[in-house]
Amino acid sequence: MDTKASSACGTADCNENTRTGTARTGPPLAFIYDRSATRSHSLLDLRLVGCQNYATRWGWEVAGTWVDFGDHAIGVQRPRFHDLLDAMRPQAERRKVICLVHNWGRLAQADEVRLRQQELVAQTGGCTATTFDESDERRRAVLSGVGCW
């Protein structure tokens, strides 16, 4: 699996704008994110394939995959996550964007760090979703402070 190295709304909620035909055009665009602090990447690869399959099942296009490795995977500074946000921001003006992760723990184990990551995604105009059909889309207005789309 091709990942961007550094030293994701799979629910009906995240698909809602596609079903109701809002002004944004095209299928939602998924930005897959994960992190790995271990040397073995076998579990990482399985999670990334799961995200790819999940996006395909919902008919989402995949913009790419961003992975923070090593110390970046466990620290607060996540360069690849911020690269994902930079790529997501201009797309959010044109279409629905989703940060897709295998589960919430892939953003961060600590609740306050995970919430901050979700806030950053919401501030770019997107929502965060997991492959377990969980999404923060309905909370987007609160997370971003800018209202709902």
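The values are calculated or read from the model by the stated rules, or taken from the named source; none is laboratory data. Fair warning: this is a prediction, and the values are worked out from it, not measured in the lab. Because the Cβ atoms are built from the backbone with ideal geometry, glycine has one as well, and the counts that use them run over all protein chains shown. What goes into the accessible areas is simple: the full protein's heavy atoms, side chains included, and nothing from ligands, DNA or RNA. Shrake-Rupley method; radii C 1.70, N 1.55, O 1.52, S 1.80 Å.
Work out the charge dipole of the stretch 38-111 with +1 on the Cβ of Lys and Arg and -1 on the Cβ of Asp and Glu about the Cα centre, then indicate which of N53, A73, N103 is farthest towards its positive end.
Result: N53, furthest along the dipole toward the positive end.
Name the shape class, rounded, prolate or oblate, that the alpha-carbon gyration tensor gives for the stretch 20-92, where a ≥ b ≥ c are the square roots of its eigenvalues, rounded holds for a/c under 1.5, and otherwise prolate holds if a/b is larger than b/c and oblate otherwise.
Oblate is the answer for the stretch 20-92, as a/c is 1.5 or above yet b/c matches or exceeds a/b.
So which chymotrypsin sites (Phe, Trp or Tyr not before Pro) in the stretch 81-138 end up in coil per DSSP with only 15 or fewer other C-beta atoms within 10 Å?
F132
So for V113, V67, what's the accessible-area order with a 1.4 Å probe, most first?
Largest accessible area first, the list is V113, V67.
Quick one: with all protein chains in place, what share of the accessible area of the stretch 48-120 is carbon or sulfur, to the nearest percent (1.4 Å probe)?
Roughly 49 percent of what the probe reaches on the stretch 48-120 is carbon or sulfur.
Counting other Cβ atoms within 10 Å, keep those with at most 14, restrict to DSSP loop, and tell me which trypsin sites (Lys or Arg not before Pro) in the stretch 38-146 are left.
Answer in residue order: R39, R94.
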